[in-house]
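What follows is a set of notes on a single structure, which appears directly below.
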Amino acid sequence: MSRRGDPATADAAASFDPLRPLLTRVAYRMLGSVADAEDAVQDAFIRWLGTDRSAVREPAAFLRRTVTRLCLDQIKSARSSRETYVGPWLPDPLVEEDEEDDVTLPLMLALERLSPLERAAFLLHDVFGVEFDEVARTIDRDPAATRQLAARARTHVRDARPRYKLEKQKGLEIANAFFAASRSGDMGALGALLAADVGMWADGGGKRPAAMGPVMGHDIVLKLHRSLAVLFCKYGSTLVHTGMINGLPGFVTREADGELQTTALEIEDGLVTGIYVMRNPDKLRHMH
């Protein structure tokens with residue numbers, strides 16, 4: 001590949017770099033991996049270098065199409081490797097994302113259950129506002145079929161979309177209270193924050209200890225945290241940051257093994273209904 005100092009590379013970068021953040025958002029939402037998203041966008045830049053750019057009327061549409069197709073290819077291999085993934089799989093955490101983006105962590109998990117084409121149609125049209133004709137060209141389907149794909153996707157992800165918008169400050173207050181109660185061992189305070197049907201998912205990826213499956217129900221989640229609190233009190237857990245993680249209130253901690261950890265909280269009617277803990281160091285590398 002040419003160096004950035006080369007005229008051809010500089011010319012390609014001048015039109016590509018302003019679009020890189022948007023292209024990365026598209027790729028991340030397709031793949032759920034920061035590293036894979038960055039790789040897809042870089043592959044798109046390499047293709048852009050080899051393109052007759054003077055013949056491209058709309059670079060943004062051309063590059064979005066290129067990135068989406070690269071992601072569709074990537075999803076096929078990612079899905080096969082995910083079948084052997086150790087424990088629950090969660091997308092890489094993004095801290096302090098654009099608050100206007102409503103692609104929350106539960107919605108990303110729901111997107112995982114869609115076919116690759118349904119996922120692309122839904123994200124491009126419903127999230128990024130791309131017209132159906134352009135989405136159809138991107139995924140190489142006719143517009144009518146593309147509308148059906150998006151409609152099916154919408155039906156499947158409906159329950160994962162928040163029923164009402166949580167006020168950010170209220171969410172962060174609950175996140176702070178959750179951290180304080182869980183680390184101090186105040187199970188009365190923690191139990192008061194949890195919904196009856198609360199669920200907890202922890203992604204250790206086989207690299208760090210984590211529950212091998214979802215932990216469901218108020219009493220069982222509380223029992224697990226009672227055990228964890230003993231470890232926190234003995235070995236320590238330091239709050240690094242409180243903020244939005246994949247559209248949910250949460251916090252970043254440094255645990256006793258020196259590694260970072262993120263905890264994102266799904267909240268409805270003032271109670272925590274979902275706890276999503278990322279412990280896999282590979283998925284936290286971009287945060288160092």
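Can you tell me which of Asp11, Asp52, Asp269 moves the most in a GNM of the chain? Springs connect C-alpha atoms under 10 Å apart. Sorting by GNM fluctuation, first place goes to Asp52. Helices in the chain that qualify as membrane-span-like (whole DSSP H runs, Cα extent of at least 18 Å along the helix axis, mean Kyte-Doolittle hydropathy of 0.0 or higher) are 34-49, 218-235. Sorting Arg279, Arg113, Arg183 by the number of Cβ atoms found within 10 Å of their own Cβ, with the fewest placed first, yields Arg113, Arg183, Arg279. Under a 5 Å amide H cut-off, with hydrogens placed 1.01 Å from N, Gly243 pairs with Gly250, Phe251, Val252 among residues at least 5 apart or on other chains. Computed from the alpha carbon atoms alone, the convex hull of segment 247-288 holds 76 Å³ per residue. A simple spin-label model places pseudo-atoms 7 Å from Cα toward Cβ; at Glu58 and Asp269 they are separated by 4.4 nm.
Between Gln42 and Arg163, the C-beta separation translates, for a Förster distance of 51 Å, into a calculated FRET efficiency of about 0.85.
Averaged over every viewing direction, what's the projected area of the C-alpha convex hull for segment 208-286? Give it in nm², one decimal, please.
Spelled out: convex hull of the Cα atoms, projected over all directions, averaged, 5.8 nm².
Values quoted throughout were computed directly from the atomic coordinates according to the rules given, and no laboratory measurement underlies them. It should be emphasised that the depicted structure is a prediction, and the values quoted were computed from it without experimental measurement. As a convention, Cβ positions derive from the backbone with ideal geometry for all residues, glycine included, and neighbour counts pool all protein chains shown.
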